[in-house]
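> Before I ask anything, let me first share the structure, which is written out below as structure tokens.
The values are calculated or read from the model by the stated rules, or taken from the named source; none is laboratory data. All of these numbers come straight from a predicted model, not from anything done at the bench. All accessible areas refer to the heavy atoms of the entire protein, side chains included, with ligands and DNA or RNA removed. Shrake-Rupley method; radii C 1.70, N 1.55, O 1.52, S 1.80 Å.
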Amino acid sequence: MLRILIKLIVQGVTDIRHHPWVQVLTLAAVTLVAFLAGLFLLVLHNLDQELKRSQGEIQFQVYWKPGAEMVSVQEQWRDLERLDGLKNLKTFTPEQGLEVLTASLGSGDEFAWLRGQSPLPATALMTFAVTGEDHHAWAKAIYLDLERMPEVEKVSFNPLQLDLARSWGHFSNRVIWPLILFLGLVLALVVGNTIKLAQVHRHQEVEILRLVGAARWYIQLPMLVTGAFLGLLGGTLALLMLKGVQLSLKDLLHFPPLWLRLDFLPVDQALIFLAIISGMGVVSSWVALREK
Amino acid sequence: MIHLRHVSHNFGSHWALKNFSLDLDKGGFLFLVGPSGAGKTTLLRILHGAIALQRGQAVVCGFDLQTIKPKAIPLLRREVSVVFQDFKILPQRTVFANVALALEVRNMPRPLLQRRVRAVLRGLDLESKAHVSCAELSGGEQQRVAVARAVVVGPQLLLADEPTGNLDRELAMRLMSLFLQFHAHGSTVILATHNQELLSCLPEAKIVHIEDGSIVWANWSLTE
């Protein structure tokens, strides 16, 4: 019995050769739909991660006066590291600021003549976790402390950021997850229908198998395996394409002040993605068989 | 082998078979003749379980079609082979693969399967075409593949529905001789046709003439 089951499972995979064009086109359609859905999921995932990161966070950017004594500024940076609630501190000397500016403008050696005499001020980008009940009072206190530091010319922060952080959090819970569920449904329906159409193409084979006395499971098992295999292969190809896109765009938004890095889908989400597509391959093949 | 009593079948308001009764013993050869739409195909479809029996009693190869469970229909079809006018073969597969299909569903060991298929293909003059795709065969060759698939399992009952309908006279007579060979080995054959010329190939065969779903004439006492 086991031998027959293995034979039928293998047959389900190798049956693809009997209608190569139909199967290749189906695979292409499944891959592209899964890729588009995966791309959307990737953006949503990164947006969600970013929102989660920024929820309850606030950033201050401190600018020292041009020409400020760097030894004194670096001492202040060390003091800043000890502040309560500080999650991240990025500091830039005038020279580092120039390097970042040159890199973000992609201007090559255009600013080479400024090396060693950068006109930019020393800056620090500080990310705090919001603490306390009165967020606005807390933010104002930090702002005033930073502004009072020696040789600081300007401190910038957007008070709206506090409200936005909280609002984004609500948005994430109420919109992003329902959107992901909706996306999953669309993906399942499109992939399911595509595979179902490819399986309907095999109606003649099913009719003949029934005619020669094949049992129901003998006919269905290879076709369900074909559906699952197409879904799995299409989903895997889509994930590989997504990985390529993620690698090529990973650092696209990784520049100040955004510092956004595009992450790939976590393993559990990638597995769920594959499971949905393969599962729809099985379900749609079963529906196609029932309709014959 | 076949026992039918008062079998009737309707498609909506149209009665395809009306009160049909007959008995056919093992090893018999029966011609079902009559015009198109007379009910020949409906009867053959009932006999191999393609459509459910609506009224009357029918026992085929020991299977009671009144009480047969859906799971048992594949078992009935392993005893009853069918040859159709439109061949019903898989054109993209080879001759060998098409014929072997009927044995594969019975899980026959591969060496035995290969021997059986080769022997049948040899008998039907198809051995040289064994690995040719069926799409490349002529109509007559495709019909022989369909016959090979039907006989390779050694069925108790062979049903043929207008098997010569798409063939010229010469090919039709060659095909008929194949059915006669099969019958000579002791198998029961029912052949539905409106080709009167085929009847002369086996004068001792039983003949039933059907019109509008009813038997209008037979050359023997239909029931025992």
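> How many angstrom lie between the Cα centre of the stretch A:187-237 and the Cα centre of the stretch B:193-224?
That distance is 43 Å.
> How much accessible area per residue does the stretch A:57-164 have, counting only protein heavy atoms and a probe of 1.4 Å, in square angstrom?
59 Å²
> Could you name every residue in the stretch B:55-102 that has 30 Å² or more less accessible surface in the full protein assembly than in its own chain alone (probe 1.4 Å, ligands and nucleic acids excluded)?
B:Pro74, B:Arg77, B:Lys88, B:Leu90, B:Gln92, B:Arg93, B:Leu101
> If I compute solvent accessible area with a 1.4 Å probe over the protein chains, what percent of it on the protein assembly as shown is carbon and sulfur? Numbers along the way, then the final one.
Details: 15410 of 25700 Å².
The computed percentage sits at 60.
> With runs of 4+ DSSP H residues as the only contributors, calculate the mean residue ellipticity of chain A at 222 nm using -39,500 (n - 2.57) per run, divided by the residue total and rounded to the nearest 500.
Theoretical 222 nm ellipticity from helices: -22000 deg cm²/dmol.
> Right, another one. For chain A, what is Rg from Cα atoms divided by 2.2 N^0.38 Å, rounded to two decimals?
Ratio of Rg to 2.2 N^0.38 Å for chain A: 1.50.
> Let me know the whole percent of all Cα-Cα pairs from the stretch A:57-164 that are separated by more than 18 Å.
For the stretch A:57-164, the share of Cα pairs beyond 18 Å comes to 52 percent.
> Determine ³J(HN,Hα), in whole Hz, for all residues of the stretch A:21-37 in sequence, where each value follows from phi through the Karplus function 6.51 cos²θ - 1.76 cosθ + 1.60 and θ = phi - 60°; x replaces Gly and Pro.
Rounded to whole hertz, the list is 5, 4, 5, 5, 5, 4, 4, 4, 5, 4, 4, 5, 5, 5, 5, 4, 5.
> Here is a further query. Spelling out what I want: for every residue of the stretch B:170-185, take phi, set θ = phi - 60°, compute 6.51 cos²θ - 1.76 cosθ + 1.60 (Karplus), and round to whole Hz; glycine and proline get x.
5, 5, 4, 5, 5, 5, 4, 5, 5, 5, 5, 4, 4, 5, 5, 7
> Assuming a viscosity of 1.567 mPa s and a temperature of 4 °C, what translational diffusion coefficient in µm² per second does Stokes-Einstein assign to the protein assembly as shown, Rh being the Kirkwood radius over Cα pairs?
Values: Rh = 29.5 Å.
The diffusion coefficient I find is 44 µm²/s.
> Give the B-A buried accessible area in Å², both sides summed, 1.4 Å probe, nearest 100. Walk me through the numbers on the way to the answer.
Working: alone 10520 and 16790 Å², together 25700 Å².
Answer for the B-A pair: about 1600 Å² buried.
> Holding the Cα-Cα limit at 32 Å, pick out from A:Lys196/A:Lys250; A:Lys154/A:Lys243; B:Lys18/B:Lys88; A:Lys7/B:Lys71; B:Lys26/B:Lys69; A:Lys196/B:Lys129 the pairs that are longer than that.
A:Lys196/A:Lys250; A:Lys154/A:Lys243; A:Lys196/B:Lys129
> Roughly how much of A:Phe157 is accessible, in Å² to the nearest 10, using a 1.4 Å probe?
The accessible area comes out at roughly 50 Å².
> How are the C-alpha pair distances of chain B spread across 5 Å bins, as whole percents from the shortest bin up?
Over chain B, the share of Cα pairs per 5 Å bin runs 1, 7, 15, 18, 20, 16, 12, 7, 3, 0, 0 percent.
> Only counting protein heavy atoms at a 1.4 Å probe, give the residues of the stretch A:205-238, ordered by number, whose accessible area falls by 50 Å² or more when the other protein chains are present relative to the chain alone.
Buried on complex formation: A:Ile208, A:Leu211, A:Val212, A:Gly213, A:Tyr218.
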